[in-house]
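J.: Got a structure for you, questions after.
The values are calculated or read from the model by the stated rules, or taken from the named source; none is laboratory data. What you see is a predicted model, and the numbers here were worked out from it, not measured in a lab. Every residue, glycine as well, gets a Cβ built from its backbone with ideal geometry; the counts of neighbours run over all protein chains shown. The accessibility values were calculated without ligands, DNA or RNA, using every heavy atom of the protein model including side chains. Shrake-Rupley method; radii C 1.70, N 1.55, O 1.52, S 1.80 Å.
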Amino acid sequence: MGWFSRKIKDPEEVFSRLIQRDKKVSDKAKNEFISCLNSSHIEFLVNKFEETDNSDVRLSILEIFAAKNDSLSEADLRLILTLIKYPDPVFRETFKEILSAVNSDNLKAITECLSKTSDIGIHKTIQYGVEKSGLLSTLLQQWNQFSIKEQILYLEEIVLLQNPKTFPIFIDIMKDETVEAKKEEKKILQVEFTKHVDKIKSPEFLDMCVKSMPAISPSMRYSVFKCLQRHGEEFFKKVFEGLGKKSDGYRQNILHLIEQLSDPISYPYLFNFILDPYKAIPPIVSDTISKIVKTFCDELEAMTPDQLKSKEVLDRVKYFTDPLEKNLTERHFQCIKTLTECLLRLGKYLPDVILRNFAKLYRYNENYVKSFLRGLKPEERKNLLINACCYKDEETGKTALKLLSDPTENYIIETLNTLLLEHFMEVPHNLQTEVINLMMDPRLQRFVTEVLYHQDPELRSRILWILGESGSQNALQIIETKLRDPDYIVRENILKILDLPHFKNEAGTEMLLKLLKDTDSNIVLQTIEKLKDRDHPAIIGSLSKLMTSTINDVKMAAHKAIAHITRRKYMTGFDKMNDETRLAIGTSLIKMDPTFMEDITRDLSASDQRVRVLSAKILEILCDFIPPELKTNLIVAITDPDPQVRAVVIMGLGKIGGPSVAGMLVSYLKDQDDRVRANAVEAMQFVGDQSLINDIIPCLYDDNNRVRGNTIITLWKLGYYQIYEAVINMMRNQDKWMRASAVFALGELKDTRFFTLLLSVLRDPDPDVRRNVVVALAKIAPPYLLAPYIRPLRFDPDENVRKEVMAVLTTKPAAPK
């Protein structure tokens, strides 16, 4: 820049006037700078621009530069362009004026500025100035007239301009030459262009390249991609947009270039092509994903533990794992191994990634998972497997247990031991069983035994419970070792275990019997309660020993348990017993269990007919032992639809008696059931009187032999003796049971007046009648008087008759009163 005759001696003084509010003073100072502007003044004004925040002052400085735009050197312009970073629209407009006089001498300052920034606003401002200067149009006009050598010479200059109007030239350079004679020259120009293409930072060049990419020579694409890569997300978004609709070869080429770049920004876009129908593409995509993940893992490996825990790093890891997890399905079988391997690599730094996908990882790539675990440090591997066993998702835990069940792996024993001793209670309940089942392997069983001596009683209890639930062969053997555990809750838990269905057998009952010797009476009482419903020959004997206990509660509980067992067996086996056994056990129960008769009479009104009938059968045997206070229970059941129940109730009421009973029973003399009528008329002998004789007499003509027989007995005992005709009619009846009942009734009357009548049927053709005659005679007369009459029957053809005769003849005479 030339020097003027008039110089500014004190720039500070002139600048002080420049910033005055008085416009005349300010304009005069501005003109002084314009007329005397040199490199030192420019440097001075640039510094002042940076120091002040006043927009008007800044604008005045830029206007000074604009006024001298045609005389700026390359160094001057380079210094001034440092101020273009300020985005104020007024400043940018002034810069357009400054740059409108750019020429070949100071062009380098502009190209340097363009190469250092990707700011769209700066690029547009500079390009406006360059175009207005006419320099660009001159270059474009000359380009087509240049020889190949001249084009190479000016290529860098044009590239550095980064003007959108030059981009078609670049696109044309990158295209394949169709004219054979020019192909060699074109290749030379393309090689030269690749040296400079990375200097183009214009976003507009990005758009044009992406749109023209199919036409760009494949040999040029990598250089272009490297250039455009700096645009980051925007570049990859545009490249992948609509890529799936392009030809197979084009997609393959583009994805191969993406593989060469292996830029993490391209990572999420790659997953759309792992199922590409063109067979050559999925392997490329798979390899690219693997390279990107590996590079990132290498970065993670170099970080400190604190860095790995930072939110920024964790978010970055998630950026890589999210697409992998989303696509980890059988649908992506072609690259499933790559996906699993990448997840495992990343999971090393974020274990939860492995844990929540553990089941899938193992299912899709079992061998690599095992290899991955072997490659981990022992402590890392153990922690990972234990955390997997304790994970909220049970599938993860099951997968870990599969790995821990492999006998070929050396780390199994230590891992399982730590899991049992330190983390077992953290394992989900459903999986705890599987852990114990795994530990029942003969090689590992000793660890279960050891952990049963762990200081935590809750842990011991839980493991025992799982052992019990498993029902394994040696479970009882292990449980037996803890019958004397010092903690009450453990022994109580064993009681609950032995109450499980599969221990309600002989072996389980024998184990339960051992707990009767426990030092805590509560355990003994609970054991007694559980034994009540078991069947084992040693139960009664063991409970009987407790009858001598000094603890009253234990003694009482044992007594009740014996009564309960006796009652249960009596009830379940009643139908298989003979009457003698039924009576013997029944009377014993009445003594042992004060509530027995009350319960049985109450069961006469049960909803279940089987219960009511069984109760009726029992009361039929024990009818003589029904206490009067249970009369109400009988009355409630008297209307039962089952005749067997009504019959027993009527008999019971007859035995109990009472002023209202007789009247109640009268209506049952006409009941449809033979047994009910027979019992009703029999009960009348206990509760009736002569006022009821007229109601009873019709029963003498009943169709049922037992009703008639009972009627004869009842009338006689009530003082009505006109029964001879009825007896004769019965004895002459063709029905043997009618004759047998008549004979039985006479025997019950025990009146010698019927002796002759009984002798008259001693030769009855039916053996049952003959046997009843022998029995009846024995009730009327002593054996020595009967002997002449019944001795011939010792040779009776019927065995029962012979036995009855011998019984009477061998009966010792009663001692005289």
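J.: Being part of a helix (DSSP H, G or I) and more than 27 Å from Glu395 (Cα to Cα) narrows it down to one residue among Pro277, Pro282, Pro323; which is it?
T.: From the options Pro277, Pro282, Pro323, the qualifying one is Pro282.
J.: Quick check on this structure: which one of Ala726, Ala776 is in contact (Cβ under 8 Å) with a residue 24 or more places away in the chain, open to solvent by less than 90 Å² (accessible area, probe 1.4 Å) and in contact with a Gly (Cβ under 7 Å, 6 or more places away or on another chain)?
T.: Ala776
J.: State all residues of segment 536-553 that are under 22 Å from Thr595 (Cβ atoms), modelled with pLDDT of 90 or more and surrounded by 12 or more Cβ atoms within 10 Å (Cβ to Cβ); if no residue qualifies, say none.
T.: Answer for segment 536-553, where residues must be under 22 Å from Thr595 (Cβ atoms), modelled with pLDDT of 90 or more and surrounded by 12 or more Cβ atoms within 10 Å (Cβ to Cβ): just Asp553.
J.: Is segment 692-699 home to any residue that is surrounded by fewer than 24 Cβ atoms within 10 Å (Cβ to Cβ), without any contact (Cβ under 8 Å) to a residue 24 or more places away in the chain and farther than 30 Å from Arg763 by Cβ?
T.: yes
J.: Against the definition (buried (at least 17 other Cβ atoms within 10 Å of the Cβ), farther than 30 Å from Tyr721 by Cβ, polar (S, T, N, Q) and free of Cβ contacts under 8 Å to residues at least 60 places away in the same chain), how does Thr639 come out, yes or no?
T.: no
J.: Kindly provide the set of residues from segment 734-743 that are open to solvent by 50 Å² or more (accessible area, probe 1.4 Å) and either in contact with an Asp or Glu (Cβ under 8 Å, 6 or more places away or on another chain) or not acidic (Asp, Glu) (or both), ordered by number.
T.: Gln734, Lys736, Trp737 - these are the residues of segment 734-743 that are open to solvent by 50 Å² or more (accessible area, probe 1.4 Å) and either in contact with an Asp or Glu (Cβ under 8 Å, 6 or more places away or on another chain) or not acidic (Asp, Glu) (or both).
J.: Which pairs have Cβ atoms under 9 Å, sit 6 or more apart or on different chains, and link a residue in segment 212-238 that is touching a residue at least 60 places away in the same chain (Cβ under 8 Å) to one that is among the aromatic types (Phe, Trp, Tyr)?
T.: From residues that are touching a residue at least 60 places away in the same chain (Cβ under 8 Å), there are no pairs.
J.: Let me ask another. Out of Leu206, Leu189, Leu255, report the one residue that is open to solvent by less than 20 Å² (accessible area, probe 1.4 Å), closer than 27 Å to Phe146 by Cβ and touching a Phe, Trp or Tyr at 6+ places or on another chain (Cβ under 7 Å).
T.: One residue alone meets the criteria, Leu206.
J.: To continue, here is another question. Please give the helices (runs of 4 or more DSSP H) falling wholly within segment 153-226 in which 2 or more residues are of a type in the set (Lys, Arg).
T.: 183-196
J.: Would you mind finding the one in Leu72, Leu37, Leu139, Leu81 that is touching a residue at least 60 places away in the same chain (Cβ under 8 Å) and either of a type in the set (A, V, I, L, M, F, W, C) or within 28 Å of Ile19 (Cα to Cα) (or both)?
T.: After applying the criteria, what remains is Leu72.
J.: Identify, from the list Ile258, Ile289, the residue that is of a type in the set (Val, Ile, Thr) and more than 16 Å from Val353 (Cβ to Cβ).
T.: Ile258
J.: On to the next question. Looking at Ile693, Ile713, which one is within 21 Å of Gly747 (Cα to Cα) and either assigned to a helix (DSSP H, G or I) or touching a strand residue (DSSP E or B) at 6+ places or on another chain (Cβ under 8 Å) (or both)?
T.: Just a single option satisfies the conditions, and that option is Ile713.
J.: Select from segment 315-355 the residues that are more than 23 Å from Gly375 (Cα to Cα) and open to solvent by less than 80 Å² (accessible area, probe 1.4 Å) and list them in ascending order.
T.: Asp315, Tyr319, Asp322, Pro323, Asn327, Thr329, His332
J.: Sort out which residues of segment 510-550 are more than 20 Å from Thr572 (Cα to Cα) and of a type in the set (Val, Ile, Thr), and write them in order of number.
T.: Thr519, Ile523, Val524, Thr527, Ile528, Thr548, Thr550
J.: Okay, moving on. Kindly provide the set of residues from segment 264-280 that are open to solvent by 20 Å² or more (accessible area, probe 1.4 Å) and not hydrophobic (A, V, I, L, M, F, W, C), ordered by number.
T.: Pro264, Pro268, Tyr269, Asn272, Pro277, Tyr278, Lys279 - these are the residues of segment 264-280 that are open to solvent by 20 Å² or more (accessible area, probe 1.4 Å) and not hydrophobic (A, V, I, L, M, F, W, C).
J.: How many residues are in contact (Cβ under 8 Å) with a residue 24 or more places away in the chain and more than 17 Å from Thr601 (Cα to Cα) when one looks only at segment 576-590?
T.: 1
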